[in-house]
Amino acid sequence: MRLVTFIYAEQQHTGLLLGECVLPLAEMVKSSGLELDVSTVLGIVRSPKDKLNALSELSRRAFEFRSAFIPLSRVKLLAPIPHPVRNVFCVGRNYLDHIKEGLPGKPTEVALPVVPQFFSKATHAVNAPDGDIRLDASLTSKLDYEVELAVVIGRGGRDISKAAALDHVFGYCVANDFTARDLQRRHDQWFKGKSLDTTFPFGPAIVTKDEINNINELKIILTVNGELRQHAQVAQMIFDIPAIIEYLSAGLTLEAGDIISTGTPSGVGYAMTPPHYLKVGDVVESHIDELGTLRNMIVAA
Ligand code: MG
């Protein structure tokens with residue numbers, strides 16, 4: 001399933017993304033007799049497994065409900081989970097080439113991190129897949145982009161082993177961990193520079209894991225005004241998804257609906273020579289094969 005949250009006729013709905021259309025889930029579920037609250041994607045993520053399986057089964061017959069399809073052009077997509085309950089968990093420095101580009105002199109050999117570097121983004125950073133990104137010039141002159149694969153937890157737990165980790169994954173999204181580099185450095189701890197409002201667009205849908213044949217094969221791409229800046233493969237992550245979940249959940253309970261952004265590859269603006277920071281009017285497109293594309297414009301705050 002490709003689960004979306006959208007505004008249509010001034011109401012918020014959940015739906016299935018089907019190519020260039022959305023199908024409101026409420027209509028499909030109601031006519032099927034399935035007893036499941038589909039009013040929010042978070043509620044769906046938290047549903048019992050048998051109900052989810054029934055919804056998934058029903059979604060395979062979505063074409064039977066095509067009279068209820070709405071063209072994507074007539075809806076406004078929101079983030080699939082517009083108001084996460086908890087901060088977004090993030091991994092820093094998870095691609096070797098990105099670690100190298102961030103070091104002075106850009107050495108060819110560096111020691112790999114022994115454990116993942118975790119931080120979080122405040123919930124108000126969450127933004128729509130095509131939401132505008134605020135650039136407040138009084139706060140930052142070094143706004144930068146970071147395309148990332150985001151993982152949505154489906155079944156919570158603590159002390160989850162690598163072997164069991166994928167059983168706890170609900171699905172995947174494209175995300176962008178927009179960062180105010182000057183605030184990130186000035187405040188020492190990364191939280192402030194990573195948590196400005198609008199700086200975590202994600203979506204366009206939560207793609208359930210059964211839809212993805214091999215997550216590690218997917219390509220991650222980012223362009224600014226059409227110019228290619230980041231280009232990598234999920235397989236290049238230093239800590240893969242099972243490792244991230246094992247480290248993060250050690251003594252720390254993960255909950256259904258938690259979002260984990262898994263780090264960005266090389267090609268960020270601050271590491272260019274000279275650095276290229278984002279400016280008002282820039283359009284950033286973040287893409288992961290099979291998951292979709294985010295398109296975000298930088299606007300003056
Ligand atoms: Mg990041």
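The values are calculated or read from the model by the stated rules, or taken from the named source; none is laboratory data. None of these values were measured; they are calculated from a predicted model. Because the Cβ atoms are built from the backbone with ideal geometry, glycine has one as well, and the counts that use them run over all protein chains shown. All accessible areas refer to the heavy atoms of the entire protein, side chains included, with ligands and DNA or RNA removed. Shrake-Rupley method; radii C 1.70, N 1.55, O 1.52, S 1.80 Å.
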- Could you do me a favour and compute the accessible area per residue for the range 2-78, 1.4 Å probe, result in Å²? 56 Å²
- Charged-residue dipole, Cβ positions (Lys, Arg, Asp, Glu), the range 2-78 about Cα centre, Debye nearest 20: 160 debye
- Gaussian network model of the chain, Cα springs within a sub-10 Å range: biggest mean-square fluctuation belongs to which of D50, D210, D197? D50
- Query: How many Lys pairs in the chain lie less than 14 angstrom apart by Cα atoms, where the lysines are 8 or more positions apart or on different chains?
  - Reply: 7
- Task: Specify the residue with the greatest mean-square fluctuation among L112, L36, L23, computed from a Gaussian network of the chain linking alpha-carbon atoms under 10 Å apart.
- Result: L112
- Query: Relative to the first principal axis of the alpha-carbon coordinates of the chain, what is the inclination of helix 49-59, with its axis defined by its Cα atoms, in degrees from 0 to 90 and to the nearest 10?
  - Reply: 80 degrees
- For the chain, modelled as a GNM with alpha-carbon contacts under 10 angstrom, which of G171, G33, G154 fluctuates the most? G33
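Show me 201-207, 164-170, 225-231 ranked by packing, highest mean number of other Cβ atoms within 10 Å first. Write down the numbers at each step before the final one.
Numbers: 201-207: 27.7, 164-170: 18.1, 225-231: 13.3.
Going by the mean number of other Cβ atoms within 10 Å, highest first, we get 201-207, 164-170, 225-231.
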- Within the under-14-Å Cβ sphere about L78, not counting L78, Lys/Arg +1 and Asp/Glu -1 give a net charge of -2
- Task: For the chain, give the magnitude of the charge dipole about the Cα centre (Cβ charges: +1 Lys/Arg, -1 Asp/Glu; no others), in debye to the nearest 20.
- Result: 380 debye
- Note on the structure: Dividing the helical contributions, -39500 (n - 2.57) per DSSP H run of n ≥ 4, by the residues of the chain yields a 222 nm value, nearest 500 deg cm²/dmol, of -4500 deg cm²/dmol
- Query: Suppose every K and R has +1 on its Cβ and every D and E has -1 on its Cβ; what is the size of the dipole of the range 88-217 about the Cα centre, in Debye to the nearest 20?
  - Reply: 480 debye
- Message: Please compute, for the alpha-carbon atoms of the chain, the extent along each of the three principal axes and give them in descending order in Å.
- Response: 62, 43, 30
